[in-house]
């Protein structure tokens, strides 16, 4: 089974946040295997042994399997004697010395994609504040996975589109380019963000069959390109600010800078110049 490296990075980062926000000494987790009713623990934080590493947890079994099956958080005060769960994984849990454990499912579009665990080595109730903080860590992973899914869907939609500057196909490329530029700042994984921006660059490049245009040789800052991309899609400054998570005044500043570099006097002229220069599709 291929390892989803980007998802593992998100899980690992969430475990760090979970421990920091809850004070729990141990956290671990992993992703549900595609097409299989089980999740595999791949990321450990604060553990003393490797007893949990690569452990495959079947939906419905143990605490994590119960969280997968019910798609909701589950917790036990003393794992080994709890009557709320089955006990297929007692040996691995005991080897790590865990007693109180919570499991939070990562749910994207009503499908469980992974599980985050937090645990104590003493048998004591895990309070509402701990549960809330753990749920927030899981929500961070969910948002990251949603962004990744959107990125991949947009790339797939844009990839086969042929060049047609006046047709609907090229407009779809432009729409995909705008959506990808807006998504990029929300991606925490540097490798995925770089891949996305590289794809944006490919979408902006006109293929050999396109009419020849002189290149401007102008270099714009990434945020200047982001703003022009939104402007090209017909967005107002206010809409652009909301989409990019910026202040309206900041958007105006980027737009003025881009227009100056491109020698444009209007927003429309700036978009045309950027397209001729291969900065926008």
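In Å, what Rg and Dmax follow from the Cα atoms of the range 7-62?
According to the Cα coordinates of the range 7-62, Rg and Dmax are 11.7, 35 Å.
Could the peptides 247-254, 225-232 be put in order, highest first, of the mean number of other beta-carbon atoms found within 10 Å of their residues?
225-232, 247-254
Pulled fully out, how much extra length does the chain show between residue 194 and residue 16, if you take 0.36 nm times their separation in residues and subtract their Cα-Cα distance?
Going from the current span to full extension adds 61.7 nm.
If every alpha-carbon in the range 5-141 counts as one equal scatterer, what log10 I(q)/I(0) does Debye give at q = 0.14 1/Å?
Per q value, in the given order, log10 I(q)/I(0) is -0.52.
Ranked from highest to lowest mean number of other Cβ atoms within 10 Å per residue, what is the order of the peptides 41-47, 192-198?
Ranked by mean Cβ neighbours within 10 Å, highest first: 41-47, 192-198.
Given points 7 Å out from each Cα along the Cα-Cβ axis, report the residue 128 to residue 78 separation in nanometres with one decimal.
2.6
So what's the gap between the Cα centers of the range 226-263 and the range 77-108, to the nearest angstrom?
So the two Cα centres are separated by 51 Å.
Taking 0.36 nm per residue of sequence separation and subtracting the Cα-Cα distance, how much length would be gained by fully extending the chain between residue 236 and residue 256, in nm to one decimal?
Here the segment from residue 236 to residue 256 would lengthen by 5.8 nm.
Between residue 36 and residue 49, with labels modelled 7 Å along Cα→Cβ, what's the label distance in nm to one decimal, could you check?
Modelled inter-label distance: 2.3 nm.
Tell me, what is the percent relative contact order of the range 25-93, built from C-alpha pairs under 8 Å that lie six or more residues apart?
The value is 22 percent.
Read-outs: derived from the displayed coordinates by stated rules, not from any lab. Being a predicted model, the structure only gives us computed values, none of them experimental. When we count neighbours, we look across all protein chains shown, and the Cβ atoms used for this are built from the backbone with ideal geometry, even at glycine.
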